[in-house]
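Notes to accompany the following structure.
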There are 2 protein chains.
Amino acid sequence: MKILIRNIKALLQTDPDNRPLVAGKEMSKLPLLEDAYLYVEDGVIRGFGEMAAFADSEFVKLSSHGDVHEIDATGRMVMPAFCDSHTHIVYDGSREIEYIDKIRGLSYEEIARRGGGILNSARRMQDASELQLVEQALERLEEVRALGTGAVEIKSGYGLTTESELKMLRVIRKLKELSPLTIRSTFLGAHAVPAEYKKRQGDYVDLIIEEMIPRVAGEGLADYIDVFCDRGFFTVEETDRILMAAMKHGLKPKLHANELDYSGGIQVGVKYDALSVDHLEFTGDEEIRALKDSNTMPTLLPGAAFFLEMVWPPARKMIDSGLPVAMASDYNPGSSPSGNMQFVMSLGSIKMKMLPEEVIHAVTLNGAYAMGVQDELGSIAPGKKANLIITKRIPTYAFLPYAYGSNKVEQVIINGKI
Amino acid sequence: MKILIRNIKALLQTDPDNRPLVAGKEMSKLPLLEDAYLYVEDGVIRGFGEMAAFADSEFVKLSSHGDVHEIDATGRMVMPAFCDSHTHIVYDGSREIEYIDKIRGLSYEEIARRGGGILNSARRMQDASELQLVEQALERLEEVRALGTGAVEIKSGYGLTTESELKMLRVIRKLKELSPLTIRSTFLGAHAVPAEYKKRQGDYVDLIIEEMIPRVAGEGLADYIDVFCDRGFFTVEETDRILMAAMKHGLKPKLHANELDYSGGIQVGVKYDALSVDHLEFTGDEEIRALKDSNTMPTLLPGAAFFLEMVWPPARKMIDSGLPVAMASDYNPGSSPSGNMQFVMSLGSIKMKMLPEEVIHAVTLNGAYAMGVQDELGSIAPGKKANLIITKRIPTYAFLPYAYGSNKVEQVIINGKI
């Protein structure tokens, strides 16, 4: 299928240099082309340019015969679809009941102690069939796709037994087959300590290392490994052991870190060359130094900070220190029941004082990097996958984070299909 | 047109007692009917009941002939459409430029001092044609309708000259004709002091009293009057003078009050039997006492508090003191560029700790009261207008505020039309 989009008001984040990520001051610059066209063939972006130059381009001929779908984007912008690099969308049912406990004043940790939280989802996970889980997750993927998301990382971590974790990862594998979205899977056996291991957390870590990781890696079920390295969850030493074992099995880390405290999670992530460290509410000078010369993408999840009423991660300080920043939804039933990346942009901007240009980079190219798909997604460049958003009529791109309650997405193209 | 909705999972806020509002502890009780039907004819709710009793009801016969539109609402809930009792949706263009100043750290008041804020909208208002304004406002109304809003109050206040204020009110009159939504108009000449009156604010108040109010009332252009009674805007004494003049012309007040300080706005509102006092970030014991035996609806605008990063109004304390609470969107280009009442519910719940039942009352019946339409809207009762929301498949009504980034509305019925 060929697609020719004409009269694009602005083509956002065209990246002729094919950078893998955007950091520091560069984040406030948004390469764009006004009054543009874009040509897609076989699911791939073939080229783009100014409308005035279209008549002299090679695309006139290419788009003049065969099955070409033409889109007039007058007044509309075109940008890369969102890359949501941190989600937990495989789960059974929602958790509004605990939510009411939360409104009544119980903390996240108190709810967890009462057997709510992750362990609640884990209980339901054991009972749910793969088919049920696939169906529910597909609905969630379809909802976020319509809101502009083109790539999603999905974690296990509501299993917490070997069989149940493998079940979750098989569900994610099934989603990769069934969904048009680009999906990456992450094994998160170290999401929480199951009740039966309460006083012997080390044994659970052993189970992860000796049984889960070998089986997950052996079956090729995960692209990455994650550990919730934070106060009340897994220690730096435990994380270190798990990541060492994972490394031997070729699993690169993406960590939950520094959500609840200065946990050392960022540093241990950098030590193992993590693709990303995520959450980062507690990030100080030392953590920023650790990230500075690393390959690790600091990934902020403002939806969780919003929903749990945490402090905001210091996005401004990170960017001003020269770091890159990605943002993801953390879509999950307990701490962030939303996968709306448009709202994530609004939170980044309204609450974390990121400029519109910065939030756009954070949810596209930097998000792509944080899930290892920056070579194929995240910017508008010839040869990249045609995962694109066509916006509604909007006055400027600043309108994207500004109009926080609106759906600004009119059409989403995934793999060159509308 | 007749509509029969069958198999409704839960019919929310059916109010057989036809209360004008819900206050205090009553707000945490949500009268509902499970597994229900609802019958609409000529734009009006005729009746409802349990599905099991449908076969024996009078509606079997009524719905058995003629043009009956049947809706199967299996898995879905039906509730009253939202009544958004405080908006400023007549304006020309948006204000993302100032928004960027705001992200860069300028305060609302600093932006106002630089000639931004309300005065920016006022300049553009003078240049815009009625037709342009009507078209833009209709688009906004259509957007909020699709998100579940069935009634909207709209204010003037970006005119700030007699002619420009009258133009805005004529635009609202036109919207009443053109839009299917129930609309109420409010004259807000006292929204800000125009630049040319900077050192002689009293003269502007005189202009409002001597020229604007008589003409607005004479042409029957406004249902209500509003004054921004707060620090840096209009004083209690000025508000008192304006409301006295308005009373003589039969205009009931709905005030902007206590957003920026303990301004006395609440008390002067109660003194003039205001229909509502709105914002209320600064509400203490004295203000709650003033409201306690009044007919005035405390109306919270959490979208503005979210966007401007104000303190949250003490909703919990108000309700626990026995007061009713309404919530509205404050949809406007400067301080709350969203009319999404579903997100207002989420903010009420996540940020102000209102229970799901309380937020539902706040955006339906109490919102209807705050704009004087409680006799015809805001609950599900025979004889009321059929302005209804049919939700998507949701597990419980707590899901409405909980899933903060999702559109939970599948279908909206306005005046008995789909």
Segment B:E163-B:R114, length gained on full extension (0.36 nm per residue, minus Cα span) | 15.2 nm
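Name the helices (complete DSSP H segments) of chain A with a Cα length along the long axis of 15 Å or more and a Kyte-Doolittle mean of at least -0.5, or state none. Don't jump to the answer; show the numbers that get you there.
Details: long enough: A:117-127 (17 Å, -0.79); A:130-146 (24 Å, -0.37); A:162-178 (24 Å, -0.41); A:236-248 (18 Å, 0.02).
Taking the DSSP H segments of chain A (at least 15 Å long, mean hydropathy at least -0.5), we get A:130-146, A:162-178, A:236-248.
Taking a 1.4 Å probe, which of A:D285, B:D375, A:D240, B:D230 shows the most accessible area, and what order do the others take after it?
Working: A:D285 90, B:D375 135, A:D240 40, B:D230 10 Å².
The ranking, largest first, comes out as B:D375, A:D285, A:D240, B:D230.
What length, rounded to one decimal in nm, is gained on full extension from B:K29 through to B:T396, with 0.36 nm per residue of separation minus their alpha-carbon distance?
Working: separation 367, 0.36 × 367 = 132.12 nm, distance 1.47 nm.
Between B:K29 and B:T396, full extension yields an extra 130.6 nm.
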Segment B:275-314: which residues show an accessible-area loss of 30 Å² or more, assembly versus chain alone, 1.4 Å probe?
-> B:F306, B:F307, B:E309
Excluding residues on the same chain fewer than 8 positions from A:K292, give the aspartates and glutamates whose Cα lies under 12 Å from its Cα.
-> A:D320
Once you have the Cα-Cα distance between A:S129 and A:W312, take 0.36 nm times their residue separation minus that, and quote the gain in nm to one decimal.
-> 62.2 nm
By the gyration tensor of its Cα atoms, with a ≥ b ≥ c the square roots of the eigenvalues, what is the shape of the protein assembly as shown: rounded for a/c under 1.5, prolate for a/b over b/c, or oblate?
-> prolate
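Could you order the peptides B:262-270, B:36-44, B:362-370 from most to least packed, using the average number of other C-beta atoms within 10 Å per residue? Don't skip to the end; give the middle numbers.
On the way: B:262-270: 24.8, B:36-44: 20.9, B:362-370: 30.8.
Descending packing order for the listed peptides: B:362-370, B:262-270, B:36-44.
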Residues in segment A:207-233 that a label on A:S321 would reach, taking backbone N under 19 Å of a point 7 Å out along Cα→Cβ | A:229-231
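Can you give the charge dipole size of chain B about its Cα centre, rounded to the nearest 20 debye, using +1 on the beta carbon of Lys and Arg and -1 on the beta carbon of Asp and Glu? Don't skip to the end; give the middle numbers.
Values: 47 positive and 59 negative charges, 84 e Å.
Once rounded to the nearest 20, the dipole reads 400 debye.
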Would you kindly derive the ³J(HN,Hα) couplings of segment A:13-20 from the backbone phi angles with the Karplus curve 6.51 cos²θ - 1.76 cosθ + 1.60 (θ = phi - 60°), listing them in order in whole Hz, with x for Gly and Pro?
-> 6, 7, 10, x, 7, 6, 5, x
For B:E410, put the label point 7 Å out on the Cα→Cβ axis and report which residues of segment B:70-98 keep their amide N under 15 Å from it.
-> B:70-79
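Go through A:K61/A:K384; A:K317/B:K353; B:K254/B:K417; A:K25/A:K155 and tell me which ones have a Cα-Cα distance over 24 Å in this structure. Don't skip to the answer; put the middle values down first.
Details: A:K61/A:K384 21 Å; A:K317/B:K353 31 Å; B:K254/B:K417 30 Å; A:K25/A:K155 31 Å.
Result: A:K317/B:K353; B:K254/B:K417; A:K25/A:K155 exceed 24 Å.
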With the other protein chains left in place, how much accessible area per residue, in square angstrom, belongs to chain A at a 1.4 angstrom probe?
-> 35
Just the accessible area for B:S321, please: 1.4 Å probe, Å², rounded to the nearest 10?
-> 40
What nm distances, shortest first, do you get from the label point of B:K292 to those in the other copies when the point sits 7 angstrom along Cα to Cβ?
-> 5.9
Do any residues of segment B:352-369 lose at least 10 Å² of accessible area when the full set of protein chains is present rather than just their chain alone, and if so which, with a 1.4 Å probe?
-> B:K353, B:L355, B:P356
Charge tally in the Cβ shell below 15 Å around B:I288, where Lys, Arg are +1 and Asp, Glu are -1, B:I288 excluded = -2
Across the identical copies, how the B:D42 labels are spaced - nm, sorted shortest first, 7 Å along Cα→Cβ = 6.6
Once amide H atoms are placed 1.01 Å from N in the peptide plane, what residues at a sequence separation of 5 or more from B:R114, or on another chain, have their amide H within under 5 Å of its amide H?
-> none
Could you check which residue among B:L323, B:L138, B:L106 shows the biggest mean-square fluctuation in a GNM of chain B with a 10 Å Cα cutoff?
-> B:L106
Interchain or sequence-distant (5+) residues whose placed amide H lies within less than 5 Å of the amide H of A:A398 are none
With springs connecting C-alpha atoms under 10 Å apart, model chain B as a Gaussian network and identify which of B:H69, B:H191, B:H86 has the largest mean-square fluctuation.
-> B:H69
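When DSSP beta bridges are limited to those with both residues in the protein assembly as shown, what percentage is antiparallel, rounded to the nearest 5?
Values: 52 of 118 bridges.
The antiparallel proportion sits near 45 percent.
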Based on the Cβ-Cβ distance from B:R231 to A:S64, what FRET efficiency comes out when R0 is 45 Å, to the nearest 0.05?
-> 0.10
Nearest beta-carbon to the B/A symmetry axis - residue in chain B, distance in Å | B:N407, 4
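Report the trypsin sites (Lys or Arg not before Pro) located in segment B:155-224 that are in a DSSP loop and have at most 15 other Cβ atoms inside 10 Å of their Cβ, or state none. List each step's numbers first, then the result.
Working: sites: B:K155, B:K167, B:R170, B:R173, B:K174, B:K176, B:R184, B:K198, B:K199, B:R200, B:R215; in loops: B:K198, B:K199, B:R200.
In loop regions of segment B:155-224 (DSSP not H, G, I, E or B), the sparsely surrounded trypsin sites (Lys or Arg not before Pro) are B:K198, B:K199, B:R200.
Roll a 1.4 angstrom probe over the protein heavy atoms and tell me the percent of accessible area of the protein assembly as shown that is carbon or sulfur. Before the final figure, lay out each step's value.
Values: 14230 of 28930 Å².
Solvent-exposed carbon and sulfur of the protein assembly as shown make up 49 percent of the total.
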What residues of segment B:379-408 lose no less than 30 Å² of accessible area with every protein chain in place versus their chain by itself (probe 1.4 Å, heavy atoms only)?
-> B:A398, B:Y402, B:Y404, B:G405, B:S406
Once you've got the GNM for chain B with C-alpha springs shorter than 10 Å, pick whichever of B:S335, B:S156, B:S185 has the biggest mean-square fluctuation.
-> B:S335
The protein assembly as shown - charge dipole about Cα centre, Lys and Arg +1 at Cβ, Asp and Glu -1, debye rounded to 20 = 200
Shortest-first nm distances, B:K61 label point to equivalent points in other copies (7 Å, Cα→Cβ) | 7.8
Report the accessible surface area buried between chains A and B, summing both sides, using a 1.4 Å probe on protein heavy atoms only, in Å² rounded to the nearest 100.
-> 3500
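The values are calculated or read from the model by the stated rules, or taken from the named source; none is laboratory data. Treat the numbers as computed from the prediction; the structure is a model and nothing was measured. All Cβ positions, glycine included, derive from the backbone under ideal geometry; neighbour counts span all protein chains shown. Heads up: the accessible areas ignore ligands, DNA and RNA and are worked out on the full protein's heavy atoms, side chains in. Shrake-Rupley method; radii C 1.70, N 1.55, O 1.52, S 1.80 Å.
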